Every structure is written in structure tokens, then in C-alpha cells.
1. If Val70 passes every condition in (1) surrounded by fewer than 16 Cβ atoms within 10 Å (Cβ to Cβ); (2) in contact with a Pro (Cβ under 7 Å, 6 or more places away or on another chain) but one, which one does it miss?
2. Enumerate the helices (runs of 4 or more DSSP H) found wholly within segment 1-90, keeping only those where 2 or more residues are among the hydroxyl-bearing types (Ser, Thr, Tyr).
3. Which one is surrounded by the fewest Cβ atoms within 10 Å (Cβ to Cβ), of the residues in segment 139-156 that are of a type outside the set (Lys, Arg) and modelled with pLDDT under 90?
4. As an exercise: evaluate Arg32 against (1) modelled with pLDDT of 95 or more; (2) of a type in the set (Lys, Arg); (3) closer than 19 Å to Asp97 by Cβ and give the number of the one condition it does not meet.
5. Go through Arg161, Arg211, Arg206, Arg145 for me and flag whichever is in contact with an Asp or Glu (Cβ under 8 Å, 6 or more places away or on another chain) and under 20 Å from Gly94 (Cβ atoms).
6. Report the residue count in segment 6-28 for those that are over 20 Å from Glu107 (Cβ atoms) and surrounded by fewer than 14 Cβ atoms within 10 Å (Cβ to Cβ).
7. Among (1) in contact (Cβ under 8 Å) with a residue 24 or more places away in the chain; (2) within 24 Å of Asp199 (Cα to Cα); (3) not in a loop (DSSP other than H, G, I, E, B), where does Leu99 come up short?
Amino acid sequence: MTGMRVLLVEDDDRLADALTTALTGRGHRVERVVRAGDGLRLKDGCDFVLLDLGLPDMDGLDMLRRLRRVSAVPVIVITARTEERAVLRGLRAGADDYLVKPFKIMELLARMDAVARRSAPVRGAGGRSPAADLVEAGDVRIDLRAREVVVDGRPVALTRREFDVLALLAREPGVVRSREEILDAVWGDAFLAASRSLDVHIAGIRAKTGRPGLIRTLRGTGYRLGVDG
């Protein structure tokens with residue numbers, strides 16, 4: 001993916017310079033800011049956000065939560081925090097991916113490409129019925145094209161990756177998907193080190209929809225879409 005407007009929220013000058021050089025070399029335009037407040041002000045003019053958590057005016061997770069209230073722009077968190085709790089908090093707050101410093105620039109670029117591909121709008125094939133993009137499970141209505149979920153007539157806001165997990169299961173409701181298959185399809189890595197992120201996202205879907213049976217766990221096998229009557 002090239003030609004994106006990338007908002008880099010990072011207070012480390014050396015890392016920011018290296019990232020700006022690498023991203024510019026890939027054809028992206030980079031707007032770098034140091035403060036979370038400036039990042040929130042510039043959010044509408046970007047296609048992608050790279051967000052450090054250790055910012056001088058606000059914790060990066062707080063910025064991410066505020067951002068997610070008004071925007072679905074793809075976000076990769078880049079931070080020196082290595083504890084699993086910090087990783088899970090970042091994912092729960094709505095990050096699309098998470099990289100711990102120090103990391104290789106090429107790994108970041110590859111992950112950005114993967115997130116951007118998954119975030120691209122879905123274009124229907126010629127002759128495809130719009131009804132094929134609507135899936136109902138009990139009182140849950142999933143619009144795969146519009147990326148919308150409605151429960152009992154009430155819109156439910158999922159993070160981008162939560163919706164990706166739900167959509168994978170909804171496209172073929174009777175099919176059981178293994179953990180490895182979901183991780184490969186949604187994260188691009190069947191052996192993702194932080195594989196607990198899948199558990200976090202499934203728990204998030206169940207909690208936000210208020211339908212614990214919407215995703216059924218088949219122990220030793222995987223997951224499938226369910227109907228919570």
C-alpha cells in the first residue's frame with residue numbers, strides 16, 4: 001500500500017526521523033507530532049496513525065480511546081511497554097496492531113501494509129446481491145459491506161479488528177474456524193506471539209453486543225457464528 005497520509009505521534013526524535021525517512025521512501029506522506037492533543041486535532045487528515053504511548057501531554061492509550069470514539073482510522077501502537085497487560089490494554093482500546101520497541105522498520109512497514117489491506121473498503125462483485133452481505137444471527141444483524149452491526153435495532157460499535165473476526169465467521173455461519181485460521185486471516189500470522197489478542201477480541205464482541213452466544217467456542221476445534229436466542 002502506497003500513498004497514504006500517515007500521522008506519526010512520537011516524541012523520540014531519532015525514531016521519528018528514521019520512520020519518516022522509511023515511510024517517505026515507500027511513497028507515504030508523513031505528518032509528525034509530539035503531543036497527543038496535536039494528534040487528535042490532525043486525525044481527520046490522515047489515512048493511518050502510528051502512535052507512541054509515552055507522550056508528554058497525555059498517555060497514548062487515552063488518546064487512542066478518544067480517537068476511537070470518533071474515528072475508525074487504522075492505528076498501530078509503537079511503544080517500549082513490554083508487559084502483556086499493556087499489550088492487551090492497547091488492543092482493547094482499539095489498536096489494529098502493536099509493536100514493541102525496538103523493532104525492525106521492515107516489520108512495521110509489512111504490518112502497515114497488512115492492516116491497510118484489511119481496512120480497504122469492500123467492493124462488491126458485479127451481479128452480487130446486496131442481501132449476500134447481510135447476515136442475521138438471532139436479533140444480531142451484520143452488514144459485511146457497510147461494516148455495521150445492529151443488535152435488537154441498536155447499532156453496536158466494534159473496533160476494526162473485532163469486526164474482522166466477526167465478519168470472517170459470519171461469511172460462512174456454519175463453518176468452524178480454527179484459532180490458527182482466524183489469526184492467519186485477520187492478523188496475517190497463524191502463530192502470532194500475542195495470540196491472546198484473539199481471546200480479547202472475541203470477549204470484546206460478546207460484551208459489546210451483549211450476546212455471549214454470538215460466537216460459539218468449540219473446544220479443541222475453534223469458533224463459529226452462533227445464535228443467542
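The values are calculated or read from the model by the stated rules, or taken from the named source; none is laboratory data. Since the structure is predicted, the reported quantities are computational estimates derived from the model, not experimental observations. Here the Cβ positions follow ideal geometry from the backbone for every residue, glycine too, while neighbour counts run over all protein chains shown.
1. Of (1) surrounded by fewer than 16 Cβ atoms within 10 Å (Cβ to Cβ); (2) in contact with a Pro (Cβ under 7 Å, 6 or more places away or on another chain), only one is false for Val70: (2).
2. So the answer is 13-25.
3. Ala146
4. (3)
5. The conditions single out Arg161.
6. Summing the residues that are over 20 Å from Glu107 (Cβ atoms) and surrounded by fewer than 14 Cβ atoms within 10 Å (Cβ to Cβ) in segment 6-28 gives 1.
7. Among (1) in contact (Cβ under 8 Å) with a residue 24 or more places away in the chain; (2) within 24 Å of Asp199 (Cα to Cα); (3) not in a loop (DSSP other than H, G, I, E, B), Leu99 violates only (1).
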